[in-house]
Amino acid sequence: MNRDSRRAAVLSWVMLFFVTLIYFFANMQKVLVPGATFNEVQQLFRLDAASVTRLGAVFLYVYAAGQLIIGPLADRFSGIRVIIVGGIIFCAGSLLSGCTGSFALLCVSRFLTGMGAAAIYLSMVKEFSGVVGTSLPFWLGIATIIGYSGAITGTSPFVAGVEKFGYARMMFGTGVLTLLIYACFALTVSRMKVPSINSGVRISLNSYWSVLKIRHNLCNFGSSGINFGTYFALQSIIGKKFLEDFCHMSSHGAGAVMTATMVIAAVNGFIMANISRCCGNRRRPFLIGSSFGCLAGALMMFGAVVGDIHAPALAVSGIILLAVAGNVSPIYVALIRETNAENRFGTALSVGNCLAYAVTAVFGGVLGKLMDLYPHEVINGVNVYGRNSYLLVFGTLVPLIAVSAILALFLRESRGRNIADSVR
């Protein structure tokens, strides 16, 4: 390897490092509003539960819709170019999130943040794939740990910061840090040779149809999308609120539980990817186990509400099981890559990610409306929802996760090989 090649390799890894840090902040933004700041936002703007969860849904709907175009754009223009543009939008939205002048402005900030964040993950996967090749699950597992650390920081630590410095200062400070990291990324890219545009990749409805007409993709997208959507709806929207309202946990205690679930989720993806590699790159058992594990976790929380068991042990155990089972994304991404042609990998991943976050957004909006169907108490200015509200919530989630478990049974085993030619 000559000097120019070494320089290019070093710059590629530095670029990936800063992209992963941007992904850290993208994950943090996913859980900040309304997950970690549900009560603060509700009190500040005097909103009901449905309005607060819809605010979270704004981010997630935009994020989900963005996935549909980011994959093909990354295939055609490269992940680097997509992050350059998306990063600017993400930084603008992050900075505006600290403005509390009006609820409308907050909605605009969440729209921009979701739009910008949508550009990060798929583009990061695309760039990692080009640099590390067949070691993608391993390195993606490491990137996932770093990214999920952002969501961890956005739970209990961020709540403590809000209590000390205030909501607006913490949100604006997060935006400033995001901007500094993006500046480092842009400076690194300015010294790199950016990949040429792949004019052979066309962005059209046919590219999506080529992915959706494969039944295996539908089973994989549906199963993993429901699993992740259920877990993430609890993590980012109503999980902390449920523990406070039904289990009577303090804000710090509930935040600590949600922090723990993010730690588990981050580490679990990396561990599962390595166990998969040690087991001959098997994918199917892990994805089936993910679906049935999510079903068991949801049943535990549903059982706590049905049995009117307010002691946190059962509900917390269910949330932790969901965190373990609902986060096997490196294996999920690997199976998408191994069951689709290389030239539609980005498109396939974009469709799968769109479904996962669309499920989260729909869950967020619907669950908030279900919670408001029954009267709530107001304690110290905070709306507190009762048993009937959460019966509706978990009674809705359990049947959907059962569908996910059935879909997982139809997945094919790839053992690390590309089997796109034999998948229908």
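Kindly provide the set of residues from region 354-391 that are open to solvent by 10 Å² or more (accessible area, probe 1.4 Å), in contact (Cβ under 8 Å) with a residue 60 or more places away in the chain and in contact with a Leu (Cβ under 7 Å, 6 or more places away or on another chain), ordered by number.
354, 357
Answer yes if at least one residue in region 397-405 is more than 24 Å from the chain's Cα centre (by Cα) and among the β-branched types (Val, Ile, Thr), and no otherwise.
No, region 397-405 contains no residue that is more than 24 Å from the chain's Cα centre (by Cα) and among the β-branched types (Val, Ile, Thr).
Of all residues in region 75-100 being assigned to a loop (DSSP other than H, G, I, E, B) and of a type outside the set (Gly, Ala, Ser), which is modelled with the highest pLDDT?
Restricting to residues being assigned to a loop (DSSP other than H, G, I, E, B) and of a type outside the set (Gly, Ala, Ser), the top hit is 99.
Residue 266 - would you say it is modelled with pLDDT of 85 or more and touching a Phe, Trp or Tyr at 6+ places or on another chain (Cβ under 7 Å)?
In short, no.
Given the conditions (1) touching a helix residue (DSSP H, G or I) at 6+ places or on another chain (Cβ under 8 Å); (2) open to solvent by 20 Å² or more (accessible area, probe 1.4 Å); (3) modelled with pLDDT of 85 or more, report the number of the one that residue 325 does not fulfil.
Answer for residue 325: the failing condition is (2).
Considering (1) within 26 Å of residue 40 (Cβ to Cβ); (2) modelled with pLDDT under 80; (3) outside any loop (DSSP other than H, G, I, E, B), say which one residue 374 fails and leave the rest.
Residue 374 satisfies all of (1) within 26 Å of residue 40 (Cβ to Cβ); (2) modelled with pLDDT under 80; (3) outside any loop (DSSP other than H, G, I, E, B) except (3).
Among the residues of region 159-184 satisfying the criterion of being aromatic (Phe, Trp, Tyr) and open to solvent by less than 30 Å² (accessible area, probe 1.4 Å), which is farthest from residue 17 (Cα to Cα)?
Once the filter is applied, the top-ranked residue is 167.
Residues 211, 194: which one is open to solvent by 30 Å² or more (accessible area, probe 1.4 Å) and aliphatic (A, V, I, L, M)?
That would be 194, the only listed residue that is open to solvent by 30 Å² or more (accessible area, probe 1.4 Å) and aliphatic (A, V, I, L, M).
Select, from 109, 102, 94, the only residue that is more than 20 Å from residue 358 (Cβ to Cβ) and open to solvent by 10 Å² or more (accessible area, probe 1.4 Å).
102
Would a scan of region 127-148 turn up a residue that is open to solvent by 20 Å² or more (accessible area, probe 1.4 Å) and within 16 Å of residue 33 (Cβ to Cβ)?
No, region 127-148 contains no residue that is open to solvent by 20 Å² or more (accessible area, probe 1.4 Å) and within 16 Å of residue 33 (Cβ to Cβ).
When you scan region 45-62, how many residues do you find that are assigned to a helix (DSSP H, G or I), modelled with pLDDT of 75 or more and open to solvent by 30 Å² or more (accessible area, probe 1.4 Å)?
Of the residues in that region, 3 qualify.
The values are calculated or read from the model by the stated rules, or taken from the named source; none is laboratory data. Not measured: the values here are computed from a predicted model. FYI the Cβ positions are ideal-geometry reconstructions off the backbone, even for glycines, and counts take in every protein chain you see. We work out accessible area using only protein heavy atoms, side chains counted, and drop any ligands, DNA or RNA first. Shrake-Rupley method; radii C 1.70, N 1.55, O 1.52, S 1.80 Å.
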